[in-house]
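Novice: Please read through the structure below; I'll follow up with questions.
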Amino acid sequence: MPADALAQVLGPRVEAGDHGLLDLLAGRPLLRTPELDRVRRRLRDEDRDVLADRLVLVAGPLRGPEAETEDAAALNALRAPAPAVPAVHRPALPELLDLARTGAPEQIRRALGRLVEERTPAAGGASDPALHAVIEELLRHPRAGVRLHAHRASRVLLDRADHARSTVILLSDPLPDVVRMAARSLGRAAWEPALPELVRLLGHPKPVVRTAAREAVTGFGPAALPALRRAASHARPDRRPLYTDLLARLADPDADPGA
């Protein structure tokens, strides 16, 4: 089918949530339409980059007066029985995990994408230990893109506690922006086991990290007081205000922070 006809016929269905059609559209040029643009933006907002990357949108001319005839012929072709297609090899979990652990960055990305598509943890259930181990290994990968992709995948592949524990690993990431993202995520999740590490980041050399850590710790409220007291008791005198100032603010929320 022409790219514009295919986009017109299937674009509204994909926008309505029929993402299974993306398997049929993978790699096929599609005329850029408002529906397909919205679909791709929504997929990226939901951290479903693997699906978003399957949409190949191209610019093209407006449709001509013969478009309806072409559409009818194309739809008739779609309704005709298709020849049998040989079964596609779908890697098993051990194969995907091995590829994620040992592959090149693009292979790792594809393996994680396949895992996200095919595997979701049972509600309230524990994560697969082998899967959790691979995610933790990838969170220490030398390529920042791999680390971030593994973290996004962990939201789907791991249960809440394991995802939070994996996020804590990124609090020691060499990139300040990654550390800031991890601190904010743990603050929003209000995951108290992360408090000692978040308090440690109050002394980070980068201001953006210190600010994110302070906001995250403040969000825990009184629950953060024990970790702050321990840090203050072990801090050098010149660094103690990093913790005592926040202690005073949390102990008296009505106090003027600029006073």
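Novice: Does residue 208 meet the test of being open to solvent by 10 Å² or more (accessible area, probe 1.4 Å), under 24 Å from residue 149 (Cα atoms), part of a helix (DSSP H, G or I) and among the hydrophobic types (A, V, I, L, M, F, W, C)? Talk me through it step by step, then tell me what you get.
Specialist: Working: open to solvent by 10 Å² or more (accessible area, probe 1.4 Å): yes; under 24 Å from residue 149 (Cα atoms): yes; part of a helix (DSSP H, G or I): yes; among the hydrophobic types (A, V, I, L, M, F, W, C): yes.
Against the criterion (open to solvent by 10 Å² or more (accessible area, probe 1.4 Å), under 24 Å from residue 149 (Cα atoms), part of a helix (DSSP H, G or I) and among the hydrophobic types (A, V, I, L, M, F, W, C)), residue 208 qualifies.
Novice: I've got another one for you. Can you confirm whether the stretch 135-147 contains a residue that is over 30 Å from residue 210 (Cβ atoms), open to solvent by 10 Å² or more (accessible area, probe 1.4 Å) and either out of contact with any Lys or Arg (no Cβ under 6 Å at 6 or more places or on another chain) or in a loop (DSSP other than H, G, I, E, B) (or both)? Spell out how you get there, then give the answer.
Specialist: Pass one, the stretch 135-147, residues over 30 Å from residue 210 (Cβ atoms): none.
Within the stretch 135-147, not a single residue is over 30 Å from residue 210 (Cβ atoms), open to solvent by 10 Å² or more (accessible area, probe 1.4 Å) and either out of contact with any Lys or Arg (no Cβ under 6 Å at 6 or more places or on another chain) or in a loop (DSSP other than H, G, I, E, B) (or both).
Novice: Take the residues of the stretch 112-141 that are of a type in the set (Gly, Ala, Ser) and out of contact with any Pro (no Cβ under 7 Å at 6 or more places or on another chain): which is modelled with the lowest pLDDT?
Specialist: So in the stretch 112-141, the residues of a type in the set (Gly, Ala, Ser) come out as 113, 122-127, 130, 133.
Among the residues that remain, those that are also out of contact with any Pro (no Cβ under 7 Å at 6 or more places or on another chain) are: 113, 122-126, 130, 133.
Numbers: 113: 89, 122: 42, 123: 39, 124: 42, 125: 48, 126: 56, 130: 87, 133: 91.
Taking the candidates together, the pick is 123.
Novice: Looking only at residues in the stretch 171-197 that are open to solvent by 20 Å² or more (accessible area, probe 1.4 Å) and over 25 Å from residue 222 (Cβ atoms), which one is nearest to the chain's Cα centre (by Cα)?
Specialist: That would be 181.
Novice: For residues that are within 20 Å of residue 100 (Cα to Cα), part of a helix (DSSP H, G or I) and in contact with a Lys or Arg (Cβ under 9 Å, 6 or more places away or on another chain), tally how many sit in the stretch 153-200.
Specialist: So the answer is 5.
Novice: Looking at the stretch 176-222 only, could you name the residues that are over 19 Å from residue 249 (Cα atoms) and of a type in the set (Phe, Trp, Tyr)?
Specialist: 191 - this is the single residue of the stretch 176-222 that is over 19 Å from residue 249 (Cα atoms) and of a type in the set (Phe, Trp, Tyr).
Novice: Out of the residues in the stretch 45-62 that are in a helix (DSSP H, G or I) and among the aliphatic types (A, V, I, L, M), which is nearest to residue 114 (Cα to Cα)? Steps first, answer last, please.
Specialist: The initial filter retains those residues of the stretch 45-62 that are in a helix (DSSP H, G or I), namely 45, 49-53.
Right, trim to among the aliphatic types (A, V, I, L, M) and you get 50-52.
On the way: 50: 9, 51: 10, 52: 14 Å.
Filtering first and then ranking leaves 50.
Novice: Taking the stretch 22-44 as the region of interest, how many residues are assigned to a helix (DSSP H, G or I), surrounded by fewer than 13 Cβ atoms within 10 Å (Cβ to Cβ) and modelled with pLDDT under 75?
Specialist: Counting residues in the stretch 22-44 that are assigned to a helix (DSSP H, G or I), surrounded by fewer than 13 Cβ atoms within 10 Å (Cβ to Cβ) and modelled with pLDDT under 75 gives 2.
Novice: If you don't mind, there's one more thing I want to ask. What are the pairs, 6+ residues apart or on separate chains, where a residue within the stretch 166-180 that is farther than 15 Å from residue 150 by Cα and free of Cβ contacts under 8 Å to residues at least 40 places away in the same chain has its Cβ under 7 Å from a residue that is open to solvent by 10 Å² or more (accessible area, probe 1.4 Å) and not in a helix (DSSP H, G or I)?
Specialist: 176/206
Novice: Which of the residues that make up the stretch 234-243 are out of contact with any Leu (no Cβ under 6 Å at 6 or more places or on another chain) and either crowded, with 16+ Cβ neighbours inside 10 Å or among the acidic types (Asp, Glu) (or both)? First the steps, then the outcome.
Specialist: Within the stretch 234-243, the subset out of contact with any Leu (no Cβ under 6 Å at 6 or more places or on another chain) is 234-241.
Within the stretch 234-243, 235, 238 qualify.
The values are calculated or read from the model by the stated rules, or taken from the named source; none is laboratory data. Worth saying up front: this structure is predicted, and the values here are computed from it rather than measured. No Cβ is skipped: glycine too gets one built from the backbone with ideal geometry, and neighbour counts run over all protein chains shown. Surface areas here come from the heavy atoms of the whole protein model, side chains and all, with no ligands, DNA or RNA. Shrake-Rupley method; radii C 1.70, N 1.55, O 1.52, S 1.80 Å.
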